[in-house]
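First the structure, in the form of structure tokens, and then the observations on it.
The values are calculated or read from the model by the stated rules, or taken from the named source; none is laboratory data. Everything quoted here is computed from the prediction, not taken from an experiment. Here Cβ is always computed from backbone atoms with ideal geometry, including for glycine, and neighbour counts include all displayed protein chains. Heavy atoms of the whole protein, side chains included, go into the accessibility calculation; ligands, DNA and RNA do not. Shrake-Rupley method; radii C 1.70, N 1.55, O 1.52, S 1.80 Å.
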Amino acid sequence: MTQTNSDILRGFFDEVVNQKRLDLLPKYFSQEYTGHGSPYVGIGMAPDFGSEERVTIQFVLPGSPSEGKLMVGDEILRVSDGKRTWETSDELRQPAWGHGVLGGSLTIWVRREGVEHEIRLVRGLIQGYELPYRFLEANLPEYYKDWPGLQARLVRVMESGDLVAYHAETQGYNARYGRSAVWVEFGFIRFQQGKITDWWSAEDTYSQYRQLGYTIEEPPLVEE
């Protein structure tokens, strides 16, 4: 019996997400795969989590505040926004410090070819970025290290042509924060010849972060 794209997606959630069979990524993803990110306010770079001791820059988005200032391979030494400083490896490995209010500034100290540089960046609007297959392959192991027992349940799946829409409920224990969380995710996936070529999704990270212990303070009101 021929598998539908919906069947393939269910297999991915079962074998890769729930069983952590990362060796099966090539079974489900095309080498031409592209992950499509959502717009956000930030600086437009991503750390490389390949080392436990050093945090380096994995990529810089063209047109972002980081372009021309940060470079792939720069080692991030510390970051400050004037109120808080991130400097331990664990702190720097959390990309949340790059996000914030539009126009907010950050100072980043990096080591490049043995020389330390102090770089000031202003957060801007980052359009949906595109991530290739190699990024998925490199970063999923680190993600599941933080969420070792993560489990996802497909609540709804709808298929039309080469697209599959899904609604998933995810829950797990975060080893970094020592807390559990449950959240939902919605997305669209494109298939070609039985493999995933494109993925668009949105997760309820606000709920996830609150359950992990993050706090949000009400800002002061702007007087008219």
Checklist outcome for this item: Within the stretch 175-224, the count of residues that are touching a Leu at 6+ places or on another chain (Cβ under 7 Å) and either open to solvent by less than 50 Å² (accessible area, probe 1.4 Å) or more than 18 Å from ASP146 (Cα to Cα) (or both) comes to 4
Next on the checklist: Take MET71 and tell me if it is farther than 23 Å from LYS145 by Cβ and touching a residue at least 40 places away in the same chain (Cβ under 8 Å).
Outcome noted: yes
Checklist entry - So, in the stretch 80-95, of the ones that are in contact (Cβ under 8 Å) with a residue 24 or more places away in the chain and part of a helix (DSSP H, G or I), which residue ends up surrounded by the most Cβ atoms within 10 Å (Cβ to Cβ)? => result LEU92
Item to check | Any hit, the stretch 24-39, residues being modelled with pLDDT of 90 or more, closer than 16 Å to LEU106 by Cα and of a type in the set (S, T, N, Q) | outcome: no
Checklist outcome for this item: Scanning the stretch 38-79 residue by residue, the ones that are hydrophobic (A, V, I, L, M, F, W, C) and open to solvent by less than 30 Å² (accessible area, probe 1.4 Å) total 9
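Does at least one position in the stretch 28-37 carry a residue that is among the charged types (D, E, K, R) and surrounded by 14 or more Cβ atoms within 10 Å (Cβ to Cβ)?
Within the stretch 28-37, not a single residue is among the charged types (D, E, K, R) and surrounded by 14 or more Cβ atoms within 10 Å (Cβ to Cβ).
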Next on the checklist: I'd like to check something: does the stretch 14-25 contain any residue that is touching a residue at least 40 places away in the same chain (Cβ under 8 Å) and either basic (Lys, Arg) or over 19 Å from ALA152 (Cβ atoms) (or both)?
Outcome noted: yes
Checklist outcome for this item: All conditions in (1) in contact (Cβ under 8 Å) with a residue 40 or more places away in the chain; (2) open to solvent by 30 Å² or more (accessible area, probe 1.4 Å); (3) not β-branched (Val, Ile, Thr) are true of GLY114 except (1)
Next on the checklist: If I ask for residues that are basic (Lys, Arg), over 21 Å from PHE29 (Cα atoms) and modelled with pLDDT of 95 or more, which ones from the stretch 157-194 would you list?
Outcome noted: ARG179
Checklist entry - of a type in the set (S, T, N, Q) and modelled with pLDDT of 95 or more, is that true of THR197? => result yes
Checklist entry - LEU106: open to solvent by less than 30 Å² (accessible area, probe 1.4 Å) and within 24 Å of GLN127 (Cα to Cα), yes or no? => result yes
Item to check | Qualifying residue in the stretch 152-169 (condition: closer than 23 Å to TRP97 by Cβ and open to solvent by less than 60 Å² (accessible area, probe 1.4 Å)) | outcome: no
Checklist outcome for this item: Residue hits (the stretch 138-151; among the hydrophobic types (A, V, I, L, M, F, W, C) and open to solvent by 60 Å² or more (accessible area, probe 1.4 Å)) are none
Checklist entry - What pairs come up if the first residue lies in the stretch 51-64 and is more than 10 Å from GLU75 (Cα to Cα) and modelled with pLDDT of 90 or more, the second is surrounded by 14 or more Cβ atoms within 10 Å (Cβ to Cβ) and among the β-branched types (Val, Ile, Thr), and their beta carbons are under 8 Å apart, counting only those six or more places apart or on different chains? => result SER64/ILE43; SER64/ILE126
Next on the checklist: Based on this model, can you work out whether PHE191 counts as under 17 Å from the mean Cα position of the chain (by Cα) and either farther than 16 Å from THR205 by Cα or not polar (S, T, N, Q) (or both)?
Outcome noted: no
